[in-house]
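Heads up: the structure comes next, in structure tokens.
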Amino acid sequence: MELIVSIFLIIHGLYSYYAVFKNKKTIHFELPVTSYLSEKILGKYFDKWHNFFWGTIQLIIGIVSFIYFLKKY
């Protein structure tokens with residue numbers, strides 16, 4: 001299960017980077033209350049930075065989890 005989750009995080013993180021370069025709407029769900037301030041600050045660049053930020057976090061966690069899985073087995 002850990003291997004599947006780490007691969008999913010890596011793939012979704014890479015897709016987030018793809019969404020950044022293609023200027024797509026944000027692919028991550030967030031409650032409107034939590035994203036209101038960042039939408040006001042970043043304006044039209046909110047989707048790009050939101051995808052980049054969460055894509056980076058997913059990629060890091062996915063790679064670390066994958067390396068941990070490989071060392072464990």
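What the table below lists for this structure:
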| read-out | value |
| --- | --- |
| Any helices (runs of 4 or more DSSP H) falling wholly within the chain and containing at least 2 residues that are small (Gly, Ala, Ser) and either at pLDDT 90 or above or under 13 Å from the mean Cα position of the chain (by Cα) (or both) | 2-21, 46-72 |
| Check on residue 53, under 30 Å from residue 72 (Cα atoms) and either open to solvent by 70 Å² or more (accessible area, probe 1.4 Å) or in contact with a helix residue (DSSP H, G or I) (Cβ under 8 Å, 6 or more places away or on another chain) (or both) | yes |
| In segment 1-47, residue nearest to residue 57 (Cα to Cα) [restricted to those that are open to solvent by less than 70 Å² (accessible area, probe 1.4 Å) and of a type in the set (Phe, Trp, Tyr)] | 17 |
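The values are calculated or read from the model by the stated rules, or taken from the named source; none is laboratory data. Remember, predicted model here, so these are calculated numbers, not experimental data. Virtual Cβ from ideal backbone geometry, glycine too; neighbours counted across all protein chains shown. Accessible surface areas use protein heavy atoms only, side chains included; no ligands, DNA or RNA. Shrake-Rupley method; radii C 1.70, N 1.55, O 1.52, S 1.80 Å.
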